[in-house]
Amino acid sequence: MYRILTVRDTVRVPPGRFGEPLDEVVVDILRKTYEGITDKDIGVVLAITGVKEIGTGKIVMGDGASYHDVTLEALTYRPELHEVILGEVVEIVEFGAFVRLGPIDGLIHVSQVTDDFVGYDKKKGSLYGKETKRALKEGDKVRARIVTVSMRRGVAGAAGAAGKIGLTMRQPGLGKLEWIEEARKAAKEAKA
């Protein structure tokens with residue numbers, strides 16, 4: 001779920017930047033400090049959207065920098081348990097499919113792709129149902145539900161920094177978008 005959070009922090013402005021406009025320096029330091037960081041409580045910080053307040057600077061003995069208390073707004077994304085997401089398959093591997101949820105990726109394990117027995121075709125780069133012959137490949141759009149969330153602190157993009165997001169498509173209304181449409185049409189025809 002995307003959120004705008006209001007955060008209070010103290011920003012250290014180094015003496016070499018005293019000649020620059022304070023608001024620009026503070027925003028630049030905050031962006032370099034926070035953007036791309038993952039935290040287990042707030043999720044991934046996508047952007048610093050604004051600074052509401054910059055306090056009067058204080059100088060600490062032995063350090064020539066000025067310290068300013070600031071109130072800032074940050075756009076964050078934190079996956080929520082049971083949240084239904086729309087995503088794109090970005091990689092198929094023997095044990096499942098990685099789906100882009102926006103700023104992070106989640107994994108649909110082969111056991112959670114469909115009720116059918118799922119095989120892996122390395123040459124085609126796809127997962128397929130043995131009985132239904134339905135295939136899931138890179139670039140496919142899917143609807144899935146988040147079933148596990150394990151966030152860690154780190155830098156987004158670093159290996160495993162965002163943590164692990166587990167997804168399922170084995171529930172009604174979930175799956176590859178084409179499969180969902182086929183099921184909807186079949187249900188409509190069955191009623192008629």
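For (1) aromatic (F, W, Y); (2) under 14 Å from the mean Cα position of the chain (by Cα); (3) surrounded by 14 or more Cβ atoms within 10 Å (Cβ to Cβ); (4) under 16 Å from D105 (Cβ atoms), each residue gets a yes or a no:
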{"position": "D115", "(1), (2), (3), (4)": "no, no, no, no"}
{"position": "Y120", "(1), (2), (3), (4)": "yes, no, yes, no"}
{"position": "Y128", "(1), (2), (3), (4)": "yes, no, yes, no"}
{"position": "K133", "(1), (2), (3), (4)": "no, no, no, no"}
{"position": "K141", "(1), (2), (3), (4)": "no, no, no, yes"}
{"position": "I146", "(1), (2), (3), (4)": "no, yes, yes, yes"}
{"position": "V149", "(1), (2), (3), (4)": "no, yes, yes, yes"}
{"position": "R152", "(1), (2), (3), (4)": "no, yes, no, yes"}
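Quick one: how many residues across segment 48-80 are within 18 Å of G102 (Cα to Cα) and either basic (K, R) or touching a Phe, Trp or Tyr at 6+ places or on another chain (Cβ under 9 Å) (or both)?
Count: 6.
Find the residue count for segment 43-68, including only residues that are over 23 Å from G16 (Cα atoms) and assigned to a loop (DSSP other than H, G, I, E, B).
Here the count works out to 0.
So which residues in segment 1-60 are of a type in the set (K, R) and farther than 30 Å from L81 by Cα?
Our first condition is that a residue be of a type in the set (K, R); within segment 1-60, this holds for 3, 8, 12, 17, 31-32, 40, 52, 58.
R12, R17, K52, K58 - these are the residues of segment 1-60 that are of a type in the set (K, R) and farther than 30 Å from L81 by Cα.
Looking at segment 52-71, which of the residues that are closer than 21 Å to Y34 by Cβ and of a type in the set (S, T, Y) is surrounded by the most Cβ atoms within 10 Å (Cβ to Cβ)?
So the first thing to find is which residues in segment 52-71 are closer than 21 Å to Y34 by Cβ, and the list is 52-55, 57, 65-71.
Remaining after also requiring of a type in the set (S, T, Y): 66-67, 71.
Numbers: S66: 19, Y67: 15, T71: 14.
Top of the filtered list is S66.
Which of the residues spanning segment 84-96 are over 12 Å from G175 (Cα atoms) and either outside the structural domain of T148 (by TED's automatic domain parsing) or part of a strand (DSSP E or B) (or both)? Full working, then the answer.
Initial filter on segment 84-96 (over 12 Å from G175 (Cα atoms)): 90-96.
The answer is V90, E91, I92, V93, G96.
Out of all the residues in segment 157-166, is one or more outside the structural domain of G36 (by TED's automatic domain parsing), at pLDDT 90 or above, under 21 Å from R3 (Cβ atoms) and aliphatic (A, V, I, L, M)? Give the derivation first.
Our first condition is that a residue be outside the structural domain of G36 (by TED's automatic domain parsing); within segment 157-166, this holds for 157-166.
Now drop any that are not at pLDDT 90 or above, which leaves 165-166.
Narrowing further to those that are under 21 Å from R3 (Cβ atoms): 165.
From what is left, the residues that are aliphatic (A, V, I, L, M) are 165.
Yes, segment 157-166 contains at least one residue that is outside the structural domain of G36 (by TED's automatic domain parsing), at pLDDT 90 or above, under 21 Å from R3 (Cβ atoms) and aliphatic (A, V, I, L, M).
Consider T71 carefully, then state whether it is in a strand (DSSP E or B), of a type in the set (S, T, N, Q) and within 18 Å of the chain's Cα centre (by Cα). First the steps, then the outcome.
On the way: in a strand (DSSP E or B): yes; of a type in the set (S, T, N, Q): yes; within 18 Å of the chain's Cα centre (by Cα): no.
In short, no.
Does V7 satisfy the condition of being aliphatic (A, V, I, L, M), touching a Leu at 6+ places or on another chain (Cβ under 9 Å) and assigned to a strand (DSSP E or B)? Don't jump to the end; show me each part of the working.
Numbers: aliphatic (A, V, I, L, M): yes; touching a Leu at 6+ places or on another chain (Cβ under 9 Å): yes; assigned to a strand (DSSP E or B): yes.
In short, yes.
Identify the residue in segment 72-85 that is within 19 Å of S111 (Cα to Cα) and of a type in the set (A, V, I, L, M) and, among all such residues, is surrounded by the most Cβ atoms within 10 Å (Cβ to Cβ).
So, considering only residues that are within 19 Å of S111 (Cα to Cα) and of a type in the set (A, V, I, L, M), the one surrounded by the most Cβ atoms within 10 Å (Cβ to Cβ) is I85.
The values are calculated or read from the model by the stated rules, or taken from the named source; none is laboratory data. As the structure is a prediction and not an experimental result, all values here were calculated from the model. So basically every Cβ, Gly included, is an ideal-geometry build from the backbone, and we count neighbours across all protein chains shown.
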